[in-house]
Amino acid sequence: MSTSSPPAASSLPPTRYRIAPHDPHAHLFEVSVTVAHPDATGQAFTLPTWIPGSYLVREFARHFVAVRAECDGRAVAIAKTRKDGWQAAPCDGPLTVTALVYAFDLSVRTAYLDANRGYFNGTAVFMCPVGREDAPTVVDIVAPAGATGWQVATTLPLDGAKLNGFGTYAATDYDELIDHPVEMGVLATTSFTAGGVPHDIAIAGRQHADLPRLARDFTQICQWQIDFFGGAPFSRYLFQVLALPDGYGGLEHRSSTSLICRRDELPRSGDDDISDDYLKLLGLASHEYFHAWNVKRIKPLVFMRYDLTQENYTRQLWAFEGITSYYDDLALLRCGLIDAPRYLEQLARAITLVQRGPGRMTQSVADSSFDAWIKFYRSDENTPNAVVSYYAKGSLVACLLDLELRRDGASSLDALMRTLWQRFGQPGIGVPEDGIQKLASELAGRDLSGFFERYVEGVDELPLSAMLSDVGVDMTLRPTAGAKDRGGKPAAGVVDRCTLGVRIGGDLKLANVFRDGVAARAGLSAGDVLVAIDSIKATSDAVAAVLTRGTPGSVVRVHAFRRDELITADITLAAAPCDTCVLTLAPSPSANALARRQAWLGA
Ligand code: ZN
C-alpha cells in the first residue's frame, strides 16, 4: 500500500473491522471497517490489487458488490474514485463503511464461502483507510448463523477470541492484518511442537488423513528448518490445508501457510511408505515453511513496504522462489524423510521440466522474475517458447550455485542463506538487487559475477552434468518414454525415437507447438485438433505409435482441424530430444568426489 508519511502508530486509534458470513449460498461475506476519526476532508479507502507471494494484479475490488457508508446512524455519501479506491464524504466519525464481498474462488489467493466452509485473505476483503496503514487493527470474526461445530484457524493474534474460536482478533497494522489468512468450518486438526514452538495443522474438505503421521512428518521438516536458520522467527505456526479431489497450490505468510492439495496426497492410515503423491504434499509444506524465512523476512528491498496498488518489480524472484524450491525437497532429505536416490529423482524431474521448455533459451530467470506479472502468471499456448519458470530453473540455478560455492570447500548455499538471515532477515533490512551476487562472491572468496551473468541474467545452458559429476552424481539424458514420463527413473517402457515438436492435450488439441520444431515448420499451430496421423484416426495410441516406431527424417501426413477448417500438414519427423533426466549416485566416485557428495547430500 502506498502511503504519505503517516503519523506515528501509537497515536492512531485502532481501525475496526468486522467480517461475517452474510449469505453463504450466494457466497457473500459482509465486511465493514470503522474509522473513529476520519479524515476531515473525507476519508479515502483502498483495496489491494494483488496479494504478496502471487505476483499478478488480480483486482480484488471487482468482487465488492455493494458499498455503503454511515456515521452516527446516518448515511454518508461514498463514491468510487478508481478501480480499487473509494472516497467518503466528510463526517465527524466514527465512519463505518460496509460492503458485500463475493467469495467463491477455490484458491489460496482470495476468499471463499459456502454453507460448509469460509476462507479469506485480508487483501481480498479488508479495505484500508488511506493514511491509517500503520494504525493498529482489530477484527471481529463472526460465526455464520446456525453453524455448528465450526472452528476458526488463523494465526491472527487473539484479542478476546479463544484459540480456534470466533470473536475478536488484532494486528499491529494493516500489513500484519492481511498476512494471516483465516479458515473457518468443521476442521480436522492436529498439533505438534518444533523448536519449542507450537504448530497446528487444520484441514478443510472431506478426507481420511492419518493425522498423527502428518504431524510426525511435518515435525521433522519444521525442526530441520528451524535448526538450519538457528531458531523460529514466529511464536506459533499454522498449516491451513484444503483437501480437494484435484488441485494444487500454496501461499506463504509470516506465521502460516495456505495449502491446497489433492485428497489422495494426504497419508492414509496403514501406509508407511512415502508415495509420490504424499511426497508432493511434503514438498509443498516444506516449500511454504522455508518462505517464513526466505521472502517473508529475508526480502527484496522493494518488498520491504509493498505497494499494493500496482506491480512491484524485482529481478530476484528466481532467488526467493528458486532457492526455496531447491530447499523444499533438499530439506526432506536432510531431515531424514527421504534418502539420496529419492532426492536425486526429484532433482532429475526438475531438470527434465526445464529441459523440455525452449523458453529457457529465450528468457533468463532474472527477466522471468521481473516480468512475472505479465508472463509467468499469465501463461498461454506460447509460454513454453517464451518463458522460463523462475521456480523450476531458479531451483537449478540454486543447485548450481550451491555446487559452485562448495567447489573448493570454501562455502555453500547453506552458509549464504544463514548469512542472508543474519544480515538482512533478522535486522529487517531489504536485500538490494545485487545483494545475493555480492554475498555469493564474498563467501566464495572469488568473483562470481560471471556465474550470475551466464546463468541468472543470461540464458546459458546450466553445466549441471559436469558439476554433479564432481560431487559423485551421474547425470544421463534420454528421450521420453511417453506422456506420463516425468524423468527421474530409467525409462519404464519404449522411449520415443521421434518427436513432432508439440505437446498434445488429452483432447488431441495441440496445447503447445514448440518454436522451430517440425510441426511448426510444417505449419501446425497451437489449438489445431488432430484428426488423423499417417492416415489413421488420431488417438493418443496412434500418435505414440508414430513416435516410438517412426524414423527420423521420414514424412508423416497429419490432418487436423483449425477451428472448423480441415488442414493437412506433412511433417518430417525429427529425432526425439534427450530431454529426460536421470540422476544416480556414481558407483565408485573418487575419494574427493565422495567427500563432497557426503558434504552435500549426507552420508
Ligand atoms: Zn514459493
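The values are calculated or read from the model by the stated rules, or taken from the named source; none is laboratory data. What you see is a predicted model; the values in this text were computed from it and never measured. Virtual Cβ from ideal backbone geometry, glycine too; neighbours counted across all protein chains shown.
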### Message
I want to confirm something. Restricting to the range 311-326 and keeping residues that are of a type outside the set (A, V, I, L, M, F, W, C) and closer than 23 Å to Gln225 by Cα, which single residue is farthest from the ligand (Cβ to nearest atom)?
### Response
Gln316
### Task
Starting from the range 428-439, take each residue that is within 15 Å of Leu317 (Cβ to Cβ) and list its partners that are part of a loop (DSSP other than H, G, I, E, B), counting only C-beta distances under 6 angstrom and pairs at least six apart or across chains.
Gly430/Lys299; Gly430/Met304; Glu433/Arg315
### Message
Looking only at the range 418-439, filter to residues that are touching a strand residue (DSSP E or B) at 6+ places or on another chain (Cβ under 7 Å) and in a helix (DSSP H, G or I); which one of those is surrounded by the fewest Cβ atoms within 10 Å (Cβ to Cβ)?
### Response
Trp421
### Task
Kindly indicate whether any position in the range 580-603 is basic (Lys, Arg) and surrounded by 13 or more Cβ atoms within 10 Å (Cβ to Cβ).
yes
### Query
Out of (1) within 16 Å of the ligand (Cβ to nearest atom); (2) free of Cβ contacts under 8 Å to residues at least 60 places away in the same chain, what's the single condition that is false for Ile374?
(1)
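How do the strands (runs of 3 or more DSSP E) wholly within the range 234-292 filter down when requiring 1 or more residues that are touching an Asp or Glu at 6+ places or on another chain (Cβ under 7 Å) and under 21 Å from Arg349 (Cα atoms): which remain?
The strands (runs of 3 or more DSSP E) meeting that bar are 249-252, 256-262.
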### Message
I need the full set of residues from the range 13-70 which are among the charged types (D, E, K, R) and out of contact with any Asp or Glu (no Cβ under 8 Å at 6 or more places or on another chain), in order please.
### Response
Asp23, Glu30, Asp39, Arg58, Arg62, Arg68, Glu70
## Note on the structure
The condition from (1) surrounded by fewer than 23 Cβ atoms within 10 Å (Cβ to Cβ); (2) within 16 Å of the ligand (Cβ to nearest atom); (3) of a type in the set (A, V, I, L, M, F, W, C) that Val302 misses is numbered (2)
#### Entry: Verdict on Tyr313 being more than 15 Å from Phe218 (Cβ to Cβ), under 13 Å from the mean Cα position of the chain (by Cα) and surrounded by fewer than 18 Cβ atoms within 10 Å (Cβ to Cβ)
no
### Residue tally, condition basic (Lys, Arg) and within 16 Å of the ligand (Cβ to nearest atom), over the range 241-265
1
### Query
Considering the range 126-149 alone, what residues qualify as being in a loop (DSSP other than H, G, I, E, B), of a type in the set (A, V, I, L, M) and within 19 Å of His180 (Cα to Cα)?
Met127, Ala135, Val142, Ala143
### Task
Would you point out which residue out of Phe166, Phe218 is in contact with a strand residue (DSSP E or B) (Cβ under 8 Å, 6 or more places away or on another chain) and closer than 19 Å to Cys335 by Cα?
Phe218
### Query
Out of (1) more than 20 Å from Asp434 (Cα to Cα); (2) outside any helix (DSSP H, G or I); (3) within 15 Å of the ligand (Cβ to nearest atom), what's the single condition that is false for Leu308?
(3)
### Task
Mind listing whichever residues of the range 516-534 are over 18 Å from Pro552 (Cα atoms) and of a type outside the set (Asp, Glu)?
Gly523, Leu524, Ser525, Ala526, Gly527, Val529, Leu530, Val531, Ala532
### Query
Taking the range 153-194 as the search range and keeping residues that are small (Gly, Ala, Ser) and surrounded by 22 or more Cβ atoms within 10 Å (Cβ to Cβ), which one is farthest from Arg109 (Cα to Cα)?
Ala171
### Task
Report whether or not Lys280 is out of contact with any strand residue (DSSP E or B) (no Cβ under 7 Å at 6 or more places or on another chain), within 16 Å of the ligand (Cβ to nearest atom), of a type in the set (D, E, K, R) and at pLDDT 95 or above.
yes
### Task
Pick out the one residue from Ala576, Ala569 that is of a type in the set (A, V, I, L, M), under 32 Å from the mean Cα position of the chain (by Cα) and surrounded by 15 or more Cβ atoms within 10 Å (Cβ to Cβ).
Ala576
### Query
Can you pull out the residues in the range 21-79 that are of a type in the set (Asp, Glu) and more than 28 Å from Gly249 (Cβ to Cβ)?
Asp39, Glu70, Asp72
### Query
When you go through Val456, Val495, Val473 one by one, which is the residue that is under 23 Å from Gly517 (Cα atoms) and at pLDDT 95 or above?
Val495
#### Entry: Complete set of residues in the range 522-569 that are charged (D, E, K, R) and either in a strand (DSSP E or B) or in contact (Cβ under 8 Å) with a residue 40 or more places away in the chain (or both)
Lys537, Arg549, Arg557, Arg562, Glu565
### Query
List, please: which pairs have Cβ atoms under 6 Å, are six or more places apart or on different chains, and start with a residue in the range 204-227 that is within 19 Å of Arg262 (Cα to Cα) and end with one that is assigned to a helix (DSSP H, G or I)?
Gln207/Arg263
### From Leu401, Leu405, Leu413, residue being touching a residue at least 60 places away in the same chain (Cβ under 8 Å), buried (at least 20 other Cβ atoms within 10 Å of the Cβ) and either closer than 30 Å to Thr309 by Cα or away from the ligand (no atom under 16 Å from the Cβ) (or both)
Leu413
